[in-house]
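**Q** Dumping the structure here so I can ask a few things about it.
Only the coordinates and a few stated rules stand behind these numbers; no lab work does. Quantities reported herein were computed from a predicted structural model and do not represent experimental measurements. Reconstructed Cβ throughout: ideal geometry from the backbone, glycine too, with neighbour counts over all protein chains shown.
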Amino acid sequence: MAKKIVITARDLGRTKMENFCARCFWFTYHFPLPSDHPFRSPMPGIVSTLDSYIRRVVSVTYSEKRSLPDWLANALSGMKVIDVLEPKRWEARVGDFSLVGQPDAIWKLPDDSVFIVDYKTAQLTPSQEALFPLYEAQLKAYGYLAQGNGHTVSGLALVYLQPQPYRDDPDKLLQVSSEQFTLHFDCVVKQVGSWTREEVEDMVYALGSILSQNRPPDGRDQCKGCTSLSNWLEGIDELA
Ligand code: SF4
């Protein structure tokens, strides 16, 4: 029986990226490097630590004060939230493929609809903005999955927490290190515009049709990576 193809919300928008390579994607999906592989670099844990810290701050603030933290409520123009739901890993069948994902936060609004959020700890630099199509598709996948689980979705948003390095402000730098070392963040909300279920399904089919091929598809034109990799493997093969 053919292996079930599972597309994650994080991967959904990959084909929208300028440097997308179907061949690379096929290989990394079917032959992921195991955690003990010598060529695998350890991932820096700070970003996921910050993301789970933000989730915790928001949920504890809500359970204690029945409102979002002020910095977040202000960035959302005072949006009223009546409950903070526990995010779940959702899965939906799309044709022969599965779409899976778990958002960072699901907020219930007074009309019983949900507002879905993903936190990003990053400066909104041009290189970060270039990732927006990927993040936008990720949120659309969550919207699709939420609808499939009986929710009415009223909005999708990226909540950016931007570290403030205060490079040119010595007074601020002294202030943030006077008693203990602290790092300040600005909160910026970027909402995702309108989307449709067909749009999400098309993205699933686009990736699914690449991954269900028996052989790796062709690589990108002009990319020298494949040639240099096969030269390198040939060199190793001669020594083995
Ligand atoms: S090395 Fe280049 S062409 Fe080869 S799979 Fe990777 S991105 Fe694609």
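**Q** For the range 233-240, in order, what is each residue's ³J(HN,Hα) by Karplus, 6.51 cos²θ - 1.76 cosθ + 1.60 with θ = phi - 60°, in whole Hz (x at glycine and Pro)?
**A** 5, 4, x, 5, 4, 5, 7, 6
**Q** What is the local net charge at residue 156, summed over the other residues whose Cβ is closer than 15 Å to its Cβ (Lys, Arg +1; Asp, Glu -1)?
**A** +2
**Q** Can you work out ³J(HN,Hα) from phi for every residue in the range 147-159, in order, using Karplus 6.51 cos²θ - 1.76 cosθ + 1.60 and θ = phi - 60°, giving whole Hz and x for Gly and Pro?
**A** 4, x, 9, x, 8, 8, 9, 9, x, 9, 8, 9, 10
**Q** From the P(r) of the range 129-190, could you give the percentage of C-alpha pairs in the tail past 16 Å?
**A** Details: 1173 of 1891 pairs.
Of the Cα pairs, 62 percent sit more than 16 Å apart.
**Q** With no solvent and one point on each alpha carbon, what is the Debye value of log10 I(q)/I(0) for the chain at q = 0.08, 0.09, 0.16 Å⁻¹?
**A** The Debye formula, applied to the Cα set alone, gives -0.41, -0.51, -1.25.
**Q** When a/c is below 1.5 the answer is rounded, else prolate if a/b is larger than b/c, else oblate, so apply that to the range 164-240 with a ≥ b ≥ c taken from the square roots of the Cα gyration tensor eigenvalues. Let's see the in-between values first.
**A** On the way: a/c = 4.11, a/b = 1.53, b/c = 2.68.
Judged from the Cα gyration tensor, the range 164-240 comes out oblate (a/c at least 1.5, b/c at or above a/b).
**Q** Put a dot 7 Å past each Cα toward the Cβ at residue 234 and residue 29; how far apart are the dots in nm?
**A** 3.0
**Q** Let me ask something else about it. Among the DSSP beta bridges whose two residues both lie in the range 34-177, what percent are antiparallel, rounded to the nearest 5? Please report the intermediate quantities before stating the final value.
**A** Numbers: 12 of 20 bridges.
Of those bridges, close to 60 percent are antiparallel.
**Q** Additional query: Go through 69-75, 157-163 and give me the packing order, highest mean Cβ count within 10 Å leading.
**A** Details: 69-75: 15.9, 157-163: 19.1.
Result, highest mean Cβ count within 10 Å first: 157-163, 69-75.
**Q** What is the dipole size for the chain, taken about its Cα centre, with +1 at each Lys and Arg Cβ and -1 at each Asp and Glu Cβ, in debye to the nearest 20? Could the numbers behind the result be given before it?
**A** Working: 25 positive and 30 negative charges, 90 e Å.
Here the size comes out at about 440 debye.
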